[in-house]
Amino acid sequence: MIGNDIRVTLGKAEILHGLDFQARPGQVTAIVGPNGSGKSTLIKALTGELAATGSMLLNNRPIDTLRPWELASTRAVQSQSTTVAFPFTVIEVVRLGHSAGPWAAEPGIPEAALARLGLDGYAGRYYHELSGGEQQRTQLARVLSQVWHPVFDGQPAWVFLDEPVSSLDIGHQFVVMDLLAGYARAGGGVITVMHDLNLTAIYADHVVLMKDGAVLARGTPSEVLTDATLSRAYDHPLRVNQPAPHGVPYILPQACRAAAGGAG
Ligand SMILES: Nc1ncnc2c1ncn2[C@@H]1O[C@H](COP(=O)(O)OP(=O)(O)OP(=O)(O)O)[C@@H](O)[C@H]1O
Ligand SMILES: [Mg+2]
């Protein structure tokens with residue numbers, strides 16, 4: 001996925017100020033940044049949900065030239081918040097994704113997706129009666145059912161996810177992130193908005209850090225998740241620890257409090 005000079009205006013305000021974005025298949029690309037920095041707006045621009053100027057290429061083709069069925073075969077989208085208007089059961093929600101994608105004729109995918117997300121036995125439950133985290137995992141099962149195989153017709157399939165683990169407990173966060181990493185390793189493209197910088201450090205191959213509708217930094221987690229860059233992005237002193245050469249950086253809340261002069 002390549003976007004150049006992406007600009008989005010909502011109402012009278014320009015929200016994205018002509019930014020460039022790149023994500024490669026085979027990698028997990030994480031979009032991070034403070035509230036209101038434009039992460040969801042960027043996802044919506046990249047998926048064509050919001051009108052944007054600039055050029056956007058998905059598998060080297062301009063997204064505005066892709067027909068609806070080509071888009072549905074190539075990418076699936078999980079929004080930051082999703083409401084389900086009708087009293088659907090869990091399996092019905094997941095089948096919405098499955099039936100929209102290129103594997104609709106292959107049976108068993110919705111059930112397999114639920115199982116991968118630890119939702120065996122939930123198929124007949126009403127979606128609106130699930131907990132927040134169960135609903136979020138059901139939505140991811142819907143997305144995965146749509147683009148179940150990471151490569152379709154010799155081309156990578158893509159998932160665009162806006163905070164897919166925000167409601168999940170730590171165990172399920174790892175389940176989901178392992179699943180996404182596996183999808184990327186198998187040749188698919190994963191573009192995910194994240195708030196948890198430690199999970200980002202562990203799982204992302206490429207990090208795009210946004211602030212005020214622009215890209216503040218991009219690169220590997222070690223390149224982007226630094227004291228200076230994060231402190232500037234979040235307007236708060238943040239301390240990043242690097243345990244060993246080539247180790248995964250991690251951010252310690254206590255160290256942040258001490259650095260901020262907080263009582264400790
Ligand atoms: N429909 C809209 N009309 C006007 N402004 C909007 C609209 N939608 C979003 N915005 C503004 O655009 C900016 C970016 O919003 P966006 O939802 O992309 O942020 P975000 O980085 O996803 O934040 P969060 O971490 O809170 O989800 C915010 O200042 C928001 O108020
Ligand atoms: Mg958002």
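The values are calculated or read from the model by the stated rules, or taken from the named source; none is laboratory data. Note that the structure is predicted; figures quoted are calculated from it, not measured. Ideal geometry is used to build each Cβ from the backbone, glycine not excepted, and the neighbour counts take in all protein chains shown. SASA here: full protein model, heavy atoms, side chains in, ligands and nucleic acids out. Shrake-Rupley method; radii C 1.70, N 1.55, O 1.52, S 1.80 Å.
Going by a ≥ b ≥ c, the root eigenvalues of the Cα gyration tensor, does the stretch 116-174 fall in the rounded group (a/c under 1.5), the prolate group (a/b larger than b/c) or the oblate group?
It comes out prolate by the Cα gyration axes.
For the stretch 1-145, what does the alpha-carbon gyration tensor say about shape, rounded, prolate or oblate, given a ≥ b ≥ c as the root eigenvalues, a/c under 1.5 as rounded, and a/b over b/c as prolate?
prolate
Which far-off residues, 5 or more places away or on another chain, put their amide H under 5 Å from the one on Arg75, with H placed in the peptide plane?
Long-range HN contacts for Arg75: Trp158.
Roughly how many Å² is the accessible area per residue of the chain, as a whole number, for a 1.4 Å probe?
On a per-residue basis, the chain sits at 46 Å².
At a 1.4 Å probe radius, carbon and sulfur cover how many percent of the accessible area of the chain?
Answer for the chain: carbon and sulfur cover 53 percent of the accessible area.
Ordering Ile2, Ile91, Ile202 by how much accessible area each has at a 1.4 Å probe, largest first, what is the list?
Listed by decreasing accessible area, they come as Ile202, Ile2, Ile91.
If the reach is capped at under 18 angstrom between alpha carbons, list the aspartates and glutamates near Lys44, excluding any in the same chain fewer than eight residues apart.
Partners found: Asp5, Glu14, Asp20, Asp64, Glu70, Asp162, Glu163, Asp212.
Would you tell me the accessible area of Trp103, worked out with a 1.4 angstrom probe on the heavy atoms of the protein chains, in Å² to the nearest 10?
Approximately 50 Å² of Trp103 is accessible to the 1.4 Å probe.
Where the only charges are on Cβ atoms (+1 Lys, Arg; -1 Asp, Glu), what is the dipole of the chain about its Cα centre, to the nearest 20 debye?
It comes to approximately 260 debye.
What does DSSP give for the chain in terms of the percent of beta bridges that are antiparallel, rounded to the nearest 5?
The antiparallel proportion sits near 60 percent.
What shape does the stretch 75-227 have by the C-alpha gyration tensor, where a ≥ b ≥ c are the square roots of the eigenvalues, rounded means a/c under 1.5, and otherwise prolate means a/b greater than b/c and oblate the rest?
prolate
Stretch His195-Ser166 to full length: gain in nm at 0.36 nm per residue minus the Cα-Cα span?
Gain on stretching His195 to Ser166: 9.7 nm.
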